[in-house]
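Chemist: Pasting a structure here, questions to come.
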There are 2 protein chains.
Amino acid sequence: MSAHSHEIEEGLAFLPNFDAAGLVTVVATDAATGDVLMVAHMNDEALRKTIATGEAWYFSRSRKALWRKGETSGQTQRVVEIRTDCDQDAVWIRVEQIGAACHTGRRSCFYRKVEVEGSGTRLVFTDAERLFDPDAVYKK
Amino acid sequence: MSAHSHEIEEGLAFLPNFDAAGLVTVVATDAATGDVLMVAHMNDEALRKTIATGEAWYFSRSRKALWRKGETSGQTQRVVEIRTDCDQDAVWIRVEQIGAACHTGRRSCFYRKVEVEGSGTRLVFTDAERLFDPDAVYKK
């Protein structure tokens, strides 16, 4: 293993390995239940703001914009813990989620299970209750 | 919302939205504890093999190769549940992890917390006990 790899994997310096687009992948889990709430991305600024404010900020790839989670919906995330992985290209945040993490109004974005059906698959809704009405919240 | 978006978000068809490199992001959590074990990627073949075999297969971006988790180390993952998210570009698998998920020998790849120190940050090891010796297992 190179000295650089050793520093990244075993060191005490937080050296996030942003990809070509300047992003790291972020997994947000519910600090109370362990459920995965969402998978999103942070750029350097989002990561800094998250650390500084204790609230989750992300970078939207589709809107190409920094975004404070809940700024429109009010469904904010208070960050309880931030971890990074061995190669520092992913971040795990444990959060206290106010209301729903998903823009569809569900608690988690992962509201469908993949099940085997015959030689194929189908999705089955699970934990899919809507906590808010997205049409009302986002005024589409 | 377009008819296509509606089908992706509210439909019962599993239509994984692979990125330009043909990959979806996968979060593996420990089915027993809820801890995030690793963040990795699957291509279509890895996803199909995971569903067909009940064991986790991934696609390594660095080695550009399909990879059965544990094929070298013996630290396999039995898949308990597979979920997909609202826009179907991420997959969450809950697994029974044999031994350690991380190539460093730790149970999880997320063995360091990010803490604030003065105006900067530092990493603090947590849950970082090695369950195997990577030098012995991978014969570097």
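The values are calculated or read from the model by the stated rules, or taken from the named source; none is laboratory data. The shown structure was predicted, so the numbers you read here are calculated from the model rather than taken from an experiment. Glycine also receives a Cβ, built like all others from the backbone with ideal geometry; neighbour counts cover every protein chain displayed.
Chemist: Can you pull out every residue in segment A:55-70 that is in a loop (DSSP other than H, G, I, E, B) and within 19 Å of A:Gln88 (Cβ to Cβ)?
Modeler: A:Ala56 - this is the single residue of segment A:55-70 that is in a loop (DSSP other than H, G, I, E, B) and within 19 Å of A:Gln88 (Cβ to Cβ).
Chemist: Among residues belonging to segment A:5-54 that are at the interface with another protein chain (Cβ under 7 Å from one of its Cβ atoms) and part of a helix (DSSP H, G or I), point out the one that is surrounded by the most Cβ atoms within 10 Å (Cβ to Cβ).
Modeler: A:Glu9
Chemist: Please indicate, with yes or no, whether at least one residue in segment B:66-79 is among the aromatic types (Phe, Trp, Tyr) and closer than 29 Å to A:Cys102 by Cα.
Modeler: no
Chemist: Kindly list, by first and then second residue, each pair from a residue in segment B:121-140 that is polar (S, T, N, Q) to a residue that is part of a strand (DSSP E or B) and surrounded by 13 or more Cβ atoms within 10 Å (Cβ to Cβ), limited to pairs with Cβ atoms under 7 Å and residues at least 6 apart or on different chains.
Modeler: Once the first residue is polar (S, T, N, Q) and sits in segment B:121-140, its partners that are part of a strand (DSSP E or B) and surrounded by 13 or more Cβ atoms within 10 Å (Cβ to Cβ) give B:Thr121/B:Val114; B:Thr121/B:Glu115; B:Thr126/B:Arg112; B:Thr126/B:Lys113.
Chemist: Please enumerate the residues belonging to segment B:39-56 that are over 17 Å from B:Cys109 (Cα atoms) and touching an Asp or Glu at 6+ places or on another chain (Cβ under 9 Å).
Modeler: Hit for segment B:39-56 is B:Lys49, nothing else.
Chemist: Right, another one. Looking at B:Trp57, is it under 18 Å from B:Cys102 (Cβ atoms), modelled with pLDDT of 95 or more and touching a helix residue (DSSP H, G or I) at 6+ places or on another chain (Cβ under 6 Å)?
Modeler: The answer is yes for B:Trp57.
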